[in-house]
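Written below as structure tokens is the structure these notes are about.
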Amino acid sequence: LLKNRFVLEQLLGAGGMGVVYKAKDLLKVEAQDKDPYVAIKVLTDEFKTHPEAFIALQRESRKTQRIAHPNIVTVFDFDKDGDTVFMTMEFLDGRPLDKLIAQYRSVGLPHAEVIKIVEGMSAALAYAHAQRIIHSDFKPGNIFVNNQGVAKVIDFGIARAVAKVEHRDESVDDKTVFDAGNLGALTPAYASLEMLEGKSPDVTDDIYALGCITYELFTGNHPFNRVHADEAFKNKLKPKK
């Protein structure tokens, strides 16, 4: 039970930044809401020991709360209960895109489904980019396809908050805690060359990732077989048409 309000009922998944649960909101139950469920992401211990990470995340989640769009998962709040740092988001019924891609590995998803998913992802990015919000960790695991086949993007700007903290000039010890890989600040197979070189986040980083994901949806394979962009560039790799 968090904040005497949210009952964690089912583990939905775990990633670099935390664990996601399906939770019942007791306030909604009391209000006789017919859909009392929310998703709660409980953040990893690293955030407890780094107050600046907590502040950066709070700032990013406030930004995310401002972007209401049918293809972006709604973030309701960002809170703490004792030592536990968590975010409450809309609960979705469906599957993460990485699981769908795995199901159609090497053949690609049905054409009509791909078009619908790509349109949804693109609409979400176009909307966020217009508000100067960059995702920075756009990958299949951060896209959810609900039971109606609608794509919903999650974790906007969270990766960025982590990366910002990580790039502050602090002791080496702090840097290892905020190792980009551990905290999911970027996912190398979908990270642009510029991201891997440590340049400032740009909308083009998200567009590179969108290109990789779109290719993967149609073919069932990553365009460079998951080779990182810097290696692909160095070895002049070209995706198969």
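Going by the structure shown, is residue 142 surrounded by fewer than 22 Cβ atoms within 10 Å (Cβ to Cβ) and closer than 15 Å to residue 99 by Cα?
no
Pick out the one residue from 73, 118, 85 that is more than 20 Å from residue 151 (Cα to Cα) and β-branched (Val, Ile, Thr).
85
If the Cβ limit is 6 Å and pairs must be 6+ apart or interchain, which residue in segment 55-73 that is within 17 Å of residue 20 (Cβ to Cβ) pairs with which residue that is open to solvent by 20 Å² or more (accessible area, probe 1.4 Å) and not in a strand (DSSP E or B)?
Pairs that qualify, where the first residue is within 17 Å of residue 20 (Cβ to Cβ) and the partner is open to solvent by 20 Å² or more (accessible area, probe 1.4 Å) and not in a strand (DSSP E or B), are 73/154.
Return the only residue of 86, 76 being touching a residue at least 60 places away in the same chain (Cβ under 8 Å) and aromatic (Phe, Trp, Tyr).
Only one candidate qualifies: 86.
List every residue pair whose Cβ atoms sit under 6 Å apart, with the two residues 6 or more apart in sequence or on different chains, where the first one lies in segment 179-199 and is of a type in the set (Val, Ile, Thr) and the second, anywhere, is open to solvent by 30 Å² or more (accessible area, probe 1.4 Å) and at pLDDT 70 or above.
Cβ pairs passing all conditions: 187/139.
Which condition number in (1) of a type outside the set (Asp, Glu); (2) under 17 Å from residue 94 (Cα atoms); (3) touching a residue at least 24 places away in the same chain (Cβ under 8 Å); (4) open to solvent by 70 Å² or more (accessible area, probe 1.4 Å) is the one that residue 11 fails?
(3)
Among the residues of segment 46-90, what is the count of those that are surrounded by fewer than 15 Cβ atoms within 10 Å (Cβ to Cβ) and either within 18 Å of residue 120 (Cβ to Cβ) or aliphatic (A, V, I, L, M) (or both)?
So the answer is 3.
So residue 94 passes all but one of these: (1) on the phi > 0 side of the Ramachandran plot; (2) open to solvent by 70 Å² or more (accessible area, probe 1.4 Å); (3) not hydroxyl-bearing (Ser, Thr, Tyr). Which condition number does it fail?
Failing condition for residue 94: (2).
The values are calculated or read from the model by the stated rules, or taken from the named source; none is laboratory data. Worth saying up front: this structure is predicted, and the values here are computed from it rather than measured. Note: ideal-geometry Cβ built from the backbone for every residue, glycine included; neighbour counts use all protein chains shown. Surface accessibility is based on the protein's heavy atoms, side chains included, excluding ligands, DNA and RNA. Shrake-Rupley method; radii C 1.70, N 1.55, O 1.52, S 1.80 Å.
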